[in-house]
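Derivation of every value follows stated rules applied to the coordinates shown; laboratory data play no part. Everything quoted here is computed from the prediction, not taken from an experiment. Reconstructed Cβ throughout: ideal geometry from the backbone, glycine too, with neighbour counts over all protein chains shown.
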Amino acid sequence: MVINFWIKLLLKGLGLGVIAYLLICIALWIWQKRLIFSPSSRIKSTPSDLGLAYSQVWIPVLTWEGKLEKMHAWWIPSESSSSEVLLYLHGNGVNMGANLGPIEKFHQMGFNVLMIDYRGYGRSEGKFPSESEVYRDAQAAWDYLVLKQKIAPEAIFIFGHSLGGAVAIDLAVRKPNAAGVILESAFTSMVDMIDHLPLYRFIPAKLVLNQRFDNLSKLKLLRVPLMLIHGTQDCTVPPSMSQVLYDLAPVPKQLLFIPLAGHNDVSRVGGEDYIQGLENFRQLALTHQRQLAER
């Protein structure tokens, strides 16, 4: 009788545990966007705080429902006569104002820069962001540069930081005539990131994730030069993920590790090495374009 009692109690406990586990998985399926994206409407800094001239840009984005929403962007012109443009796609946190770190470096190199806030971030319209919608936002920014500003695709470098790296790869795969793509502090996939976080290791990520950001599987489709930059002390995204992406990329490529840099301070810690690495990549991209033209 006592044994039967404990067996029933154990089975009941296991049943409740299974139910709780399933509820957690369902909750993560429904609300995972809230865990991945961290937008803020408050913009604390602008390029003028860095002493850089800029102008406000509003880019229309057509939603799946056929509605036009405005996406906020900053156009930071070069002081030189350079026609090269860097399309800056920031990571998951806050908004453009908190992602100005590398802008001075790009400006110093003579790039014109277009920074965008995905819809749901900063002053951009729209609901809470999702993977498919930030891809749509990047496409709208590209169309703005190419169709409205009449900038040649071959003059546009696509830059993405952290989660923005996934947005950059997705766009670059669809724009094989872009100058190149630069990924800073990028991850291989969201599934791999979940496996990397101890808190979520008990979750069947491949089944639960609907925001997959699968950079690794998209690499085989990439046709433009690739540069990967990563801080060796990054505690958010393992530097080894950039190494994996580099090893598998089937295109002209460069990999730059910045010693002692973390996740968000790569350009500051890298200093001149960061600038020189970007300059080397720019030359690699130009060489690639010449080779294509000669074929």
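Structural remarks
- Close amide-amide hydrogen proximity is noted between Ile151 and Val146, each under 5 Å apart and 5 or more residues distant or on a separate chain (H modeled in the peptide plane; Pro and chain starts excluded).
- Cα coordinate range in the stretch 37-294, projected on the principal axes (Å, largest first): 54, 41, 36
- Taking every alpha-carbon pair under 8 Å whose residues sit at least 6 apart, the chain reaches a relative contact order of 14 percent.
- Between Glu125 and Lys220, the modelled label-to-label distance comes to 4.0 nm, taking each label 7 Å out from Cα in the direction of the beta carbon.
- Order by protection proxy (mean Cβ within 10 Å, highest first), peptides 218-227, 45-54, 114-123, 185-194: 114-123, 185-194, 218-227, 45-54
- Residue-by-residue Karplus 3J(HN,Hα) for the stretch 217-223, coefficients 6.51, -1.76, 1.60, Hz, glycine and proline x: 6, 7, 4, 5, 9, 6, 10
- 3J(HN,Hα) along the stretch 178-185: 5, 5, x, 10, 10, 10, 10, 6 Hz, from the Karplus curve 6.51 cos²θ - 1.76 cosθ + 1.60 with θ = phi - 60°, whole Hz, x for Gly and Pro.
- Directionally averaged projected area (the stretch 53-132, Cα convex hull): 5.6 nm².
- Residue-wise HN-Hα coupling along the stretch 123-128, computed from phi with Karplus coefficients 6.51, -1.76, 1.60 (Hz; x: Gly, Pro): 9, 5, 6, x, 7, 4
- Remark: the chain carries a charge dipole of roughly 960 debye about the Cα centre, counting +1 on each Lys and Arg Cβ and -1 on each Asp and Glu Cβ.
- For the stretch 214-262, the mean projected area of the C-alpha convex hull, equal to one quarter of the hull surface, is 3.2 nm².
- Once divided by 2.2 N^0.38 Å, the Cα radius of gyration of the stretch 153-233 becomes 1.18.
- Helical content of the chain, expressed as a calculated mean residue ellipticity at 222 nm, amounts to -13000 deg cm²/dmol (DSSP H runs of 4 or more residues, -39,500 (n - 2.57) each, divided by residue number, nearest 500).
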